[in-house]
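Worksheet: the structure to be examined is printed underneath.
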Amino acid sequence: MMGERLLDVRDLVKHFPAGHRRFVKAVSGVSFHIEKGEALALVGESGSGKTTVGRCILRLIEPTAGTIIFRGQDVSTMEQDRLRALRPHMQMLFQEPYDSLNPRMPIGRIVEEPIRLGKDMSPRKRLERVVEVLDMVRLGSWALDKYPHQFSAGEQQRIGIARAIATEPELVVLDEPTSALDVSVRAEILDLLTDLQEQLGLSYLFISHDLTAVRRVCHRVAIMYLGKIVETGSTAEMFEQPLHPYSRALLSSVLYPDPHEQLSRFVLAGEIPSPIDLPPGCHLYGRCPWAVDACNAAYPDLEEILPGRRVACFRAREENAADTTASGSGRRPPGSF
Amino acid sequence: MALLLEVKDVHVSFLADAGPVRVLNGAGLSLRAGESLGVVGESGSGKTVLVRTILGLLQPPWQVLEGSVIFNGEDLLKKKEEELRHIRGKEIALTSPEPRKHLNPLLRVGDQIANVLQAHRDMPRKGATQRAVELLKSVGIPDPHLRVGYYPHELSGGMCQRVIIAMALAHSPKLILADEPTAGLDVTISRQILDLMRDLVREFNSSLILVSRDLGVVAHYCQRVAVIYAGQVVESADVADFYAGAAHPYSRHLLRAAAASRDERRGVATRLGQRVVFPDKGCAFASRCPVALPLCKEEAPALEPVADDHLARCLRRAEVLRGETRA
């Protein structure tokens, strides 16, 4: 299944007006692709633009520029009625389990809604499908007539998952699907998402700031900083050795539940600047310990500096070669399990 | 080393319309001077209520039924509000998981810190403001002489948390209660705040209770850990011992749930995602416990030693610790 591109995003730009003819440059030229059956993580801190990318892809907000090819068709400029026909193929799972479910609808109707809107199916077939997906998320037909408030947060999120997969989509955009959940519930949801992804051959765009969650679910990672992707690579390689200075800082900030783990810390100066007045050069200029004058003159392209590893940094090749022992989060497995 | 704080057998209820709800059910912990203790638990476990009980901050409909909080040899639960006021902020400080809510949006941060200083010390306003600048500097806020004049909305979440920490440190308290100090902060900022907190606790010779749901944070920033479940401490141990081998099945579950990679994750799917139920008898965890015996539903276990300086509230603690059960 892998190998074929399901989604291809090129030079995506989204600016929000910020008054006085100024703009919040939430996304400034982002390109990536997702293959069939692949889970890609879009990782970044608040304000990096990751959620905006997800919403642009589903056309929940209008992109300012760029192309979004989904199943061979450009959805970035598609009219609403053609887009509607494509909706069953691309679904979304939201961050807040309770807020994303209509409190006045029983679960059966909530899960049926996207099928009713997107598929030509008899009511009886629809009900069968609803029961089927409720089983898949380890609920069941007993849930049909209940209302969202009668469920725990974890169960509500599973209802959200059932709704997202009801129309047999190829792509699911997951926007911080576990950040509102407790640790043990979070583990349960992440496992379910991984199982469904494998069983159904789904493609995920998994938007998150939770690096350990990403590590559990995704094959590949793209790291965003201030509206740009700074590095992409396979999850294993990226966690083993991040190459971009921002990726290094981010991944070395993760605290694993192992007190013996050596904390190798890659520190950036200060905090994330405002995305309104971005410098002409690299957005990390001013915080980066590797920066030279050239970094402030132009933004570096994403370049493949190791097989399968694309990095947007003028200095990455040299600095990483000089520092072969560095690893962002090299860690031993925890002792007792 | 002498005990700085000893919380014993605290029972707290919340009086809801439908009747009282048990929240703390005999919680206890102890802290030596200079120590940092991580209190770990999920939402609803009672960790925040425990912290607020220590400071005597619970008001109706909350009700402290019994127990004692011995701080410096005195029971805080027996003290009057007036006496507690001399302790709060001076001897024991509290930080909030939501720094922005904790700060007054209508006052400049410098004035808020100065107010805290003047609350416990006879100090002219000018001196207090000057000290506020120094405190902002010590928590790593750039240009502190300018930032004293800022309002909370002009600062980022991480900066607001630094201001809260500056306020907590204003009187060099003996004990700092940090309730989820990094909730809602980005990872790189979280690490800055945790590093700062650890360094300052050392510098000011304070002790720390760090309430967190993040086992990674506790592993690296605490010496001891107490796991709280259904209003009781179910395990307490040295951090190194705990992560090498937990003795309570719930602790083991939490550790597995926190595991990071695709390979380590299998077998976590024990269904714990429901509301905590307090049984009339037996162990509070028995109904979900993968290794529960029939006896566990009858007899409530006490928090008892399983190794040196390692306590667990489980009848099978010794087997769980040795890894003989599939807990």
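The values are calculated or read from the model by the stated rules, or taken from the named source; none is laboratory data. Everything numeric in this text was worked out from a predicted model, so none of it was measured. Ideal geometry is used to build each Cβ from the backbone, glycine not excepted, and the neighbour counts take in all protein chains shown.
Mind counting the residues in the range A:162-181 that are among the charged types (D, E, K, R) and in contact with an Asp or Glu (Cβ under 8 Å, 6 or more places away or on another chain)? Count: 2. Considering the conditions (1) at pLDDT below 95; (2) part of a loop (DSSP other than H, G, I, E, B), B:LEU106 is excluded by exactly one of them, (1). Listed by position, the strands (runs of 3 or more DSSP E) enclosed by the range A:182-251 that each have at least 1 residues that are crowded, with 24+ Cβ neighbours inside 10 Å, touching an Asp or Glu at 6+ places or on another chain (Cβ under 8 Å) and more than 13 Å from chain B (Cβ to nearest Cβ) are A:203-208, A:220-225.
Checked against (1) more than 7 Å from chain A (Cβ to nearest Cβ); (2) crowded, with 24+ Cβ neighbours inside 10 Å, B:ALA219 passes all but condition (1).
Screening A:LEU86 against (1) within 18 Å of A:GLU168 (Cβ to Cβ); (2) modelled with pLDDT of 95 or more; (3) of a type in the set (A, V, I, L, M); (4) under 21 Å from the mean Cα position of the chain (by Cα) leaves a single unmet condition, (2).
Looking at this structure, is B:VAL225 part of a strand (DSSP E or B), within 13 Å of the chain's Cα centre (by Cα), closer than 25 Å to B:LYS90 by Cβ and more than 9 Å from chain A (Cβ to nearest Cβ)? Answer is no for this residue. Of the helices (runs of 4 or more DSSP H) lying entirely inside the range B:112-206, those containing at least 1 residues that are of a type outside the set (Val, Ile, Thr), within 14 Å of chain A (Cβ to nearest Cβ) and touching a residue at least 60 places away in the same chain (Cβ under 8 Å) span B:157-169, B:187-203. Across the range A:311-323, a minimum of one residue is classified as modelled with pLDDT under 90 and among the hydrophobic types (A, V, I, L, M, F, W, C). Out of A:GLY54, A:GLY72, A:GLY66, A:GLY47, one residue alone is closer than 19 Å to A:LEU12 by Cα, free of Cβ contacts under 8 Å to residues at least 12 places away in the same chain and not hydrophobic (A, V, I, L, M, F, W, C). It is A:GLY72. Exactly one residue among B:SER43, B:SER13, B:SER36, B:SER68 is of a type in the set (S, T, N, Q), under 17 Å from the mean Cα position of the chain (by Cα) and farther than 23 Å from B:ARG198 by Cβ, and that residue is B:SER43. Within the range A:89-110, does at least one residue satisfy the condition of being within 14 Å of another protein chain (Cβ to nearest Cβ) and aliphatic (A, V, I, L, M)? No, the range A:89-110 contains no residue that is within 14 Å of another protein chain (Cβ to nearest Cβ) and aliphatic (A, V, I, L, M). Residues of the range A:123-171 that are in a helix (DSSP H, G or I), touching a residue at least 12 places away in the same chain (Cβ under 8 Å) and among the charged types (D, E, K, R): A:ARG126, A:ARG129, A:GLU155, A:ARG158, A:ARG163. Within the range A:80-106, if we keep just the residues that are in a helix (DSSP H, G or I) and basic (Lys, Arg), the residue that is farthest from A:HIS149 (Cα to Cα) turns out to be A:ARG82.
Within the range B:46-65, the set of residues being under 17 Å from the mean Cα position of the chain (by Cα) and of a type in the set (S, T, N, Q) comprises B:THR48, B:THR53.
Which residue is nearest to the other protein chains (Cβ to nearest Cβ), if the candidates are limited to the range A:172-181 and must be more than 24 Å from B:ILE228 (Cα to Cα) and in a loop (DSSP other than H, G, I, E, B)? The selected residue is A:GLU176.
Kindly check whether there is at least one residue in the range A:253-264 that is of a type in the set (Val, Ile, Thr), without any contact (Cβ under 8 Å) to a residue 60 or more places away in the chain and within 12 Å of another protein chain (Cβ to nearest Cβ). Looking through the range A:253-264, none of the residues is of a type in the set (Val, Ile, Thr), without any contact (Cβ under 8 Å) to a residue 60 or more places away in the chain and within 12 Å of another protein chain (Cβ to nearest Cβ).
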